[in-house]
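S.K.: Here you go, one structure.
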């Protein structure tokens with residue numbers, strides 16, 4: 001692993017770690033977005049989201065608790 005990859009992994013871990021218990025927006029490969037509270041994650045970026053809402057264009061559907069597989073995640077952004 002190059003030092004650049006190591007630095008990126010460390011930064012990703014720090015952002016996710018500081019976002020636990022806070023609202024995040026997750027963009028997925030299928031052009032879907034999920035908004036909710038990040039409860040936990042693992043080394044594969046599998047995410048446990050509570051109070052999740054799936055955003056599909058103008059429509060929002062409440063999903064409750066979701067586990068999102070890491071290989072479908074494009075972006076995780078803390079919501080301020």
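None of the figures in this text is laboratory data; all of them are computed from the coordinates on show. Here the structure is a predicted model, which means the values were calculated and not measured. Every residue, glycine as well, gets a Cβ built from its backbone with ideal geometry; the counts of neighbours run over all protein chains shown.
S.K.: Would you check which residues across segment 34-80 are part of a strand (DSSP E or B), touching a residue at least 40 places away in the same chain (Cβ under 8 Å) and either more than 9 Å from the chain's Cα centre (by Cα) or surrounded by fewer than 17 Cβ atoms within 10 Å (Cβ to Cβ) (or both) and list them? First the steps, then the outcome.
M.R.: Step one: of segment 34-80, the residues part of a strand (DSSP E or B) are 34-41, 47-56, 59-68, 73-78.
Filter once more, keeping what is touching a residue at least 40 places away in the same chain (Cβ under 8 Å): 35, 68, 73-78.
Hits for segment 34-80 are 74, 75, 77, 78.
S.K.: Applying the selection to segment 23-80, what residues are within 19 Å of residue 13 (Cα to Cα) and out of contact with any strand residue (DSSP E or B) (no Cβ under 8 Å at 6 or more places or on another chain)?
M.R.: Answer for segment 23-80, where residues must be within 19 Å of residue 13 (Cα to Cα) and out of contact with any strand residue (DSSP E or B) (no Cβ under 8 Å at 6 or more places or on another chain): 42, 43, 44, 69, 71, 80.
S.K.: Which count do you get for residues in segment 22-32 that are under 11 Å from residue 68 (Cβ atoms) and outside any loop (DSSP other than H, G, I, E, B)?
M.R.: Looking only at that region, the number is 4.
S.K.: Scan segment 42-73 for residues that are at positive phi and out of contact with any helix residue (DSSP H, G or I) (no Cβ under 9 Å at 6 or more places or on another chain) and jot them down.
M.R.: So the first thing to find is which residues in segment 42-73 are at positive phi, and the list is 45, 51, 57, 64.
Residues satisfying the conditions are 51, 57, 64.
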